[in-house]
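To start, the structure itself, in structure tokens.
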Amino acid sequence: MFQSLYSRLSLVLLVVFLLMALLLFGLFQQASVATRNEASQHLHYDLAKNIVKDLGITSQGTFDPKMIKDAFHQMMILGPAIELYVLDKDGSLVTYDAPEEKIKKRSVNLKPIISFINKTVELPLFGDDPRSLDKQKIFSAAKVLAKNEGEEIFVGYLYIIIGGENFDSISTSLELTEAWKISIIGILGALVFLLLVSLLLFYALTRPLRRLTKEIQSFESSTPKQLIKDDENVSNSGKGELNLLKSTFHQMEERIAAQLERLNKQDEIRCEFLAYVSHDLRTPLAGIKAYLETLEIKQETMSSKERQSYLRKAISNGDRLEGMINELFELTRLESNQIKITKDEFAIGDMLSDIYASLEDKAKQQGVKLIVKCENPEALVIADIAKIERVTQNLVENAIRFSKKNGNVVIHTEKIDEKNHLIQVIDNGSGIAEEHLPYIFEPYYRVANDKQLKHMGAGLGLAISQRLLLLHDSKLSVSSQLGEGTNFSFTLSTYI
Ligand SMILES: Nc1ncnc2c1ncn2[C@@H]1O[C@H](COP(=O)(O)OP(=O)(O)OP(=O)(O)O)[C@@H](O)[C@H]1O
Ligand SMILES: [Mg+2]
């Protein structure tokens, strides 16, 4: 029931307000009693003194029982809120106007009485109540002096309890009724109002949190496409922790959606690859088998030229098959970190002339012009020459393969700063559409169109190249325009 933050906060608030109400009520009650006591004691401050002075309770140097009785009688008229006690010098009760069984204490503590008479302590001042063993009450007190042969002798005290037993029983009920009235109407009214305002405030403050919780809940059941669509409707405006949390959550949502899509795409590519690989491996294998079978059957009737041509075709299919299998192994070893590089310094020109020599014929056959533009062939770079040759060769092979007849493939190198040498392979061939660019470095990814289908490789060359460059702390970059051409580039560390 109290699972949501709002209901929990409301419950806590309710408990806090109730405690506050009780506390305030208690304080109020105490304060009102203290005020009443203080006022009462002030009002009756001179009462004992006046009784002693005006009514007189002594004669011939000691207490006069008759006079005391008269005084008690007169005081009774004032009402039951006052109780009189005559004390001797030590505080023991001498006379009182109470039934015997009501008296629980025969003597009272004189300390507060003396403080009262000497006015050394602030009021209200509490003294022992003879009618109770432990109760303390406000009082009025005065010294009693008795005249004897012109001399005044100190004989004891007149001790008056203000607000006696009867008064107590009535005032308690009155006090409660009054206090309740004030508390219920005043304090509780204000507290209820405050509570309502706070609940409304809490409701408003926790609203964004509730909405965010709903979004997070719906996130679980959303598909990546839905996530992106939902995100488009979300405005990340506003400041504050909750809005920050919200926008961070949406960024996370977007990233997850993007990663999910990427994973799905990779999965798709892998599945496609399995189909392609089995087809691609089978095609050259079937070719080899077919050429060899024909050779076997027609051996006798074939001219040596024809035989030669069949053998060449079989060997070329074998090369293709070997190339594909090698690439597969190479990528697997790279992915499991089995390939290590050995860096050496070498002149960039040496590597370029090797590549030119090995691919010149291939370019010519395709009607493509292979151009090397090298600023400084002597420039030294530090890398694993075999691996970098492998990367560059794959780039140039791709460029030749995807070039039109009479197209140009340029290998361009230049030192771009103190530490880096740039290598670019630029062609003016078919180009790559923008939507394919993010995926071409993924293994097995091939951009299929009618022209390119004829040239289908395994789709591993760029993935291998990228991984080989990563081992050199470098990275393959691409920029391309469909129908205009492509530019692949990477940097190598220079030898200083
Ligand atoms: N210079 C380029 N011009 C146009 N498309 C290119 C170019 N280089 C690469 N591509 C595209 O990127 C894809 C991936 O290239 P990658 O070198 O990884 O594989 P591949 O050449 O098809 O096969 P492999 O290199 O394994 O024999 C290619 O299939 C092609 O569609
Ligand atoms: Mg390739």
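The values are calculated or read from the model by the stated rules, or taken from the named source; none is laboratory data. Remember, predicted model here, so these are calculated numbers, not experimental data. Using ideal geometry, Cβ is built from the backbone for each residue, glycine included, and neighbour counts are taken over all protein chains shown. Just so you know, the surface numbers come from the protein's heavy atoms only, side chains and all, with ligands and any DNA or RNA stripped out. Shrake-Rupley method; radii C 1.70, N 1.55, O 1.52, S 1.80 Å.
Data for the structure
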{"quantity": "Mean separation of Cα contacts under 8 Å, 6 or more apart, over the residue count of the chain: relative contact order %", "calculated": "10 percent"}
{"quantity": "Net charge over other residues, Cβ less than 9 angstrom from the Cβ of residue 367 (K, R count +1; D, E count -1)", "calculated": "+4"}
{"quantity": "Net dipole in debye of the chain [+1 Lys, Arg Cβ; -1 Asp, Glu Cβ; about Cα centre; nearest 20]", "calculated": "880 debye"}
{"quantity": "Taking all pairs of distinct alpha-carbon atoms in the range 241-334, Kirkwood radius in angstrom", "calculated": "17.5 Å"}
{"quantity": "Centroid-to-centroid separation of the range 91-106 and the range 307-324 [C-alpha atoms, Å]", "calculated": "134 Å"}
{"quantity": "Solvent-accessible area, 1.4 Å probe, carbon plus sulfur percent, for the range 257-339", "calculated": "54 percent"}
{"quantity": "Accessible solvent surface per residue of the range 341-476, calculated while the other protein chains remain in place, 1.4 angstrom probe, Å²", "calculated": "48 Å²"}
{"quantity": "Over the range 340-494, relative contact order from alpha-carbon pairs under 8 Å, at least 6 apart, %", "calculated": "25 percent"}
{"quantity": "GluC sites (Glu not before Pro) within the range 29-123: DSSP coil, no more than 11 neighbouring Cβ in 10 Å", "calculated": "122"}
{"quantity": "Between 0 and 90°, nearest 10: helix 348-366 axis offset from the chain longest Cα axis", "calculated": "60 degrees"}
{"quantity": "Part-to-part distance (alpha-carbon centres) for the range 9-40 and the range 362-425, which is given in Å", "calculated": "89 Å"}
{"quantity": "Partner lysines for residue 305 [C-alpha distance under 17 Å; skip if fewer than 8 residues away on the same chain]", "calculated": "313"}
{"quantity": "For the range 1-115, alpha-carbon Rg and Dmax in angstrom", "calculated": "24.7, 85"}
{"quantity": "Alpha-carbon centroid distance for the pair the range 469-486 / the range 328-353, whole angstrom", "calculated": "17 Å"}
{"quantity": "Carbon/sulfur fraction of accessible area - the range 340-494, other protein chains in place, 1.4 Å, %", "calculated": "48 percent"}
{"quantity": "Charge dipole (the range 241-334, unit charges on Cβ, about Cα centre) - positive-most of 244, 290, 258", "calculated": "290"}
{"quantity": "Greater than 22 Å apart at Cα, pairs in 104/147; 49/137; 111/147; 104/135; 119/147", "calculated": "104/147; 111/147; 119/147"}
{"quantity": "Charge tally in the Cβ shell below 10 Å around residue 269, where Lys, Arg are +1 and Asp, Glu are -1, residue 269 excluded", "calculated": "-1"}
{"quantity": "Cα-based convex hull volume of the range 44-163 per residue, rounded to whole Å³", "calculated": "97 Å³"}
{"quantity": "Stretch gain in nm, segment residue 350-residue 154, where the contour uses 0.36 nm per residue and the Cα spacing is subtracted", "calculated": "57.4 nm"}
{"quantity": "Loop trypsin sites (Lys or Arg not before Pro), the range 383-446 (other Cβ atoms within 10 Å of the site Cβ: 16 or fewer; DSSP)", "calculated": "404, 405, 419"}
{"quantity": "Listed residues 377, 328, 342: farthest to the positive end of the dipole of the range 325-398 (Cβ charges)", "calculated": "328"}
{"quantity": "Reachable lysines, given that their alpha-carbon falls under 17 Å from the alpha-carbon of residue 343 and they are not under 8 places away in the same chain", "calculated": "387, 419, 475"}
{"quantity": "Lysines whose Cα lies under 21 Å from that of residue 404, excluding same-chain neighbours fewer than 8 positions away", "calculated": "362, 364, 369, 373, 451, 454"}
{"quantity": "Computed label-point distance, nm, for sites residue 198 and residue 132 using a 7 Å Cα→Cβ extension", "calculated": "3.5 nm"}
{"quantity": "Expected-Rg normalisation [2.2 N^0.38 Å, Cα atoms] applied to the chain", "calculated": "2.33"}
